[in-house]
Amino acid sequence: MTEQLSQQRTTQRGDGASHTIMCTEMRSAEHTGMHASTSAATHTSPHVQLRTASHGYANPASNPAANPAANPRLRRARTTIWLILFLVGGIGLAYNALVRPHGMAEVYVERSEKTFVEADIAAPVGAPSGEKASTKWLASDSPALQDGSAIAMAGAAHTLTINETVGVPPRAARERIAAGDSNVSLSIVDTLGVWIAAFFTLAIFSFLWRDNPIYKFAESILVGVSAAYWMTLGYWATLVPNLFAKIAPETIKGWAMPALDVQPADQTTQFLLALVPLILGFMLLMRLSPKGGWISVWPLAFIIGTTAGLKFVAFIEGDLMAQAANTIIPLVALNDTGSMQFGESLGNLVLFVGVLAVLTYFFFSVEHKGRLGTMVGKVSRLGIWYLMITFGAAFGLTVMGRITLLSQRLEFLFGDWLWIIDPANIR
Amino acid sequence: MLKRTIPLFITGAAGGILILAYFSPATTNWGEVVTDWMNTLAAVAFILGGGNLLFVNLEKISSKRSGWAYALVTLLAFVVTLAFGVLKIGAVPNAQFPATPWAGDYESVRAPFGWVYEYVLSPLTATMFALLAFYVASAAFRAFRAKNIEAILLLGTAFVILLGRTAAAGILTGWISPEGPFAFLRLDTMAVNIMQYVSTAGTRAVMMGIALGIAATSLRLILGIDRSYLVND
């Protein structure tokens, strides 16, 4: 068996990726007890370890010294470290909340009442003859009411008072409360929100320790809330204005979209046109039915056809043609006085050559033999280098993006929640 | 007929109308109508997704399968958030139309739905992505080895971009004059030049390749050559 393994290693040497994959599969087969699934797994005894020639284990996960799942001592050590971290964090939290004068996470708001009145708006002077006077709700301090272009209607039915709430920075809020301003107060709902956000942030970060019930709880909440969020947006932003408003415009105008412009002349056409997505929508929902699932293929076919049509035009126009047009540029860049700009010209040349080299690598799949083939091979290799630089830049930007998000979360924890950092001195 | 011919016709007609709408001004309106229908169907697909989530989790809870308690949490979160949003519970009244309660702003942080977004969904999503910082770094440490010229180019570029866009660029190469002949050696300038010329060239060629691929796939679908989405009897 040792001989068989050595043979596999020899054949795979020089191809790091496939070597790593092979090792991983063999190790996982051992752990899961799939002894009869492959010949390699059948004969591999637990003490046989495959190592790369250069740096120990090909896959660190297969190294019991580094893999906590395979090493109980390491797992206990990690649990102890996390326990200590949580204890220190808990003590710090208690100190912060109980000892510091203004502990942590308080959100203050200012409440005010705003009055609206229903007013008669006169048609503007010189307006087209079709334009009539209208009524509109205006704030009681609106300039239109002051200058007489709108006249408030009398009676309680034409007056509404709404509570408005705006956030106030904690330091300013405390000062105003101390000065007796009763409009400013601690917002229990928002303060609770910050604490809940902090809990969920820590719950997700707890996955760094290992998969645990708190993380799973947060993950379940994320799935439920996320599905409901997108469903709600789809309902209010698309279904109501695009479908219901065309089927029953007057009802929707009076119920949810008072600004909806209803054109009586178009109503029948709009209604008939709206029936198509309504029927297709019901057919799509038939996918949930055990027997009528095939009916949903019709709307699915419509979605696929529409997406194909939209993407065909968008990608040909926006990506293929636009990118090609932006690449075919003068290689000698001149400034306003007509003299050559060396840096710009070099940049244009690098860009032009790069696009051609990568496209050669993608599309000219000729054998790299003979005069032409060798040349294509060299250009293709240059294309690969360009691609590697592109992937390196993309990787760098991705890492930066993730680290930015991480720093924002830490800023939230230490700033908004714990109030340990306060660069703007507002807390 | 019902399961194959009509769906093929619908795909071809929908795709064909949209392509025709681009090339012929006379049919632009048709394209707009079809796009409207598509947007509506996409919104219905969200309802389908919600319904599916409901069925899957209810089935898990009723059969008391492993992890059913988490399914219950998912379900509760889903139902409560949906009620806040669709019923506009506690929505902030619209300042222009205060007398129309359903015209209120449900996405404001002062409304329960907006509150859930601000203090639950937003931190959860952001932290989930932030978590990837650790795993990207860990994976890079395990996988990247500068053992040939391609790998060196990839790693070197990643380092230049990472250093060039942070304060490290100023600390390491800030002493090189930005106006002098060696300005291109400054890390921040190198990062900009790589992004502007070399990376743009690679991205552009990749985009052109993708565009050709998508155009070919779209045509296969519209012309009925690719029928993989149809029901198999």
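The values are calculated or read from the model by the stated rules, or taken from the named source; none is laboratory data. Because the structure is predicted, anything quoted here is derived from the model rather than measured. For neighbour counting, all protein chains shown are included, and Cβ atoms are generated from backbone atoms with ideal geometry for every residue, glycine included. Note: areas computed on protein heavy atoms with side chains; ligands, DNA, RNA excluded. Shrake-Rupley method; radii C 1.70, N 1.55, O 1.52, S 1.80 Å.
Points worth noting:
- When only alpha carbons are used to place a centre, the range B:56-99 and the range A:337-408 end up 48 Å from one another.
- Computed from backbone phi with θ = phi - 60° and the Karplus coefficients 6.51, -1.76 and 1.60, the 3J(HN,Hα) list for the range A:201-215 is 4, 5, 4, 5, 5, 5, 5, 5, 6, 5, 4, 8, x, 5, 5 Hz; x is used for glycine and proline.
- Length-normalised contact order of chain B in % [C-alpha pairs under 8 Å, at least 6 apart]: 16
- Sequence of A:Trp236, A:Trp82 when ordered by accessible area, the most exposed leading, probe 1.4 angstrom: A:Trp82, A:Trp236
- About the Cα centre, charge dipole magnitude for the range A:339-427 (Lys/Arg +1, Asp/Glu -1 at Cβ), debye: 460
- In a reduced charge model with +1 at each Lys and Arg Cβ and -1 at each Asp and Glu Cβ, the protein assembly as shown shows a dipole moment near 2860 debye about its Cα centre.
- In this structure the amide hydrogen of A:Val168, modeled in the peptide plane, comes within under 5 Å of the amide hydrogens of A:Tyr108, A:Val109, A:Glu110, none closer than 5 places in sequence on its chain.
- Directionally averaged projected area (convex hull, Cα atoms, the protein assembly as shown), nm²: 45.6
- Residues of type aspartates and glutamates that A:Lys216 reaches as a straight line, Cα spacing below 20 Å, ignoring anything fewer than 8 places off in the same chain: B:Glu59
- Between A:Ala119 and A:Lys136, A:Trp137, A:Leu138, A:Met153, the built amide H atoms are under 5 Å apart, and every one of these is 5 or more places off in sequence or on another chain.
- Per-residue 3J(HN,Hα) values for the range A:378-385, derived from phi via the Karplus relation 6.51 cos²θ - 1.76 cosθ + 1.60 with θ = phi - 60°, read 5, 5, 4, 4, 4, x, 4, 4 Hz in sequence order (x marks Gly and Pro).
- The trypsin sites (Lys or Arg not before Pro) of the range B:31-122 meeting both criteria, a DSSP state outside H, G, I, E and B (loop) and at most 11 other C-beta atoms within 10 angstrom of the site's C-beta, are B:Lys64, B:Arg65.
- Pairs exceeding 31 Å between alpha-carbon atoms, taken from A:Lys369/B:Lys147; A:Lys311/B:Lys60; A:Lys136/A:Lys246; A:Lys114/A:Lys253: A:Lys311/B:Lys60.
- Test item: A:159-167 mean partner chain Cβ contacts at 10 Å: 3
- Normalised alpha carbon radius of gyration of the range B:114-233 [divisor 2.2 N^0.38 Å]: 1.63
- Of the DSSP H helices in chain B, those whose Cα atoms cover at least 20 Å axially and whose Kyte score averages 1.6 or more: B:5-23, B:68-86, B:149-164
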